[in-house]
Every structure is written in structure tokens, then in C-alpha cells.
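Reviewing the structure listed below.
Coordinate-derived values only; no laboratory data. Predicted model only: the values in this text are computed from it and were never measured. All Cβ positions, even for glycine, are placed from backbone atoms using ideal geometry, and neighbour counts span all protein chains on display.
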Amino acid sequence: MIRKRLGELSMSEVKAKTPHGEMTIDQIAEIQPGMAAIMKEVGDRFTQTYYAAKGGNWKLAAYHLNQLRSAFRTAKMTRPKFADDLTAFDKDYLLPIFKAIHDQDWKAFEAEFKKGETGSDVYHDKRGYPHIRYVLPKEPPSNLYLGPPEGFKRGPGHEASG
Ligand code: HEM
């Protein structure tokens, strides 16, 4: 039998094998995260960014914001119809927050973060989700130490004291 060359195979014929079974490339693409899953990550990272900055752990704040921006990049690939909005939000709201983190300027950070909150309302409205409103949790939900890294010590029971 003459085997088809890879270029002649349709993507749904190309299969990946695991010990559990086979999946076509199309099926693998289908299960990549969509907006609901990605936005859960975005909301969580936004909160973590806030509390890390508030605690004075600016490197951790930058880390969380970078993860948020990386989630945006994934969304642009898996849901391209949102790409322009995500790019605009990144430029208009996330980069100014990033700058405040870089400058370690809490006042500027708080002001830009608030703009980001209302900015997310604008985009949720635009996309038909007026019932979705990001709100900052009252308590930091982090299981990561939020103070300046040099202030971190483990107590005898492994609790953190800073
Ligand atoms: C920092 C900015 C943003 C935050 C914190 C945020 C947060 C959220 C949260 C928490 C959800 C609900 C997720 C869930 O629990 O199921 C959501 C949904 C959603 N967001 Fe955002 N969002 C932001 C920016 C944006 C932007 C710029 C867009 C523009 C495309 C957008 C589009 C959406 C859409 C379409 C949904 C509904 C997803 C679905 O159910 O399919 N968001 N967002």
C-alpha cells in the first residue's frame, strides 16, 4: 500500500498516541482553554498582582501580571475574535500597571489598578457580559508570602513570619 505523505493528510487524520488512547490534532485543538477558563485565571492573577504589590513583594506582583499577560496571549490564539480587544486592554491598562510595579510606586499602582477594574467592565459590556464584574476580594487569597522576599522567615511550625 502506498502511504500518504504527511502533507496530504488532513489534520483530523494526524493522530497523537498516549498510553490512554489516540487523539487527532483537531481534537487536541478543540480542548485548548477558551475564554471562560482563561478569564478565571485572569481574575485570579489580577487579584494576586494587587496583594503582592500591596505587601511590597514587587517581584511577585510582576510575576503574576506576566502570567496574566501570558493568559491573554493564549486567548488570542484559541479565541482570535477577542485578539484586538485583548491587545488594546494590554496596552491601555496592563502596561501602566506594569510600569507602576517597575517603579515600585504604590500610589500609581492603586490608581492604575482601579482603572483596570473599570476597564474590564467596559470590555465585558462590549462583549455581552454585563453580568460579569471583577471585584477585588477583601482578603488576599494567596498561599504565597506577600512581603518583601528578604523579610521571609520560616517559623518552627513552618508558618511564615515577616
Ligand atoms: C484584568 C482584566 C480582566 C479581568 C480581571 C477579567 C475577569 C473576568 C472574570 C473573573 C470572568 C468570569 C470567569 C468565570 O469565572 O467563568 C470573565 C469573563 C469574561 N471576560 Fe474578562 N476580565 C478581564 C478583561 C477582559 C477583556 C479585556 C476582555 C475582552 C475580550 C474580556 C472578555 C471576557 C469574556 C468574553 C468573558 C466570558 C467568558 C465565557 O464565559 O465564555 N475580559 N472575565
Restricting everything to alpha-carbon atoms, can you work out Rg to Rh for the chain with a Kirkwood hydrodynamic radius? 1.13
Size of electric dipole in the chain: Cβ of Lys, Arg +1 and of Asp, Glu -1, about Cα centre, debye, nearest 20: 320
Quick one: Lys99, Lys138, fewest Cβ neighbours within 10 Å first, how do they rank? Lys138, Lys99
Among residues other than Ala108 whose Cβ falls under 12 Å from its Cβ, what is the net charge (Lys/Arg +1, Asp/Glu -1)? 0
Using packing as a proxy for protection, rank 125-133, 45-53, 63-71, 145-153 so that the peptide with the highest average count of other Cβ atoms within 10 Å comes first. 45-53, 63-71, 145-153, 125-133
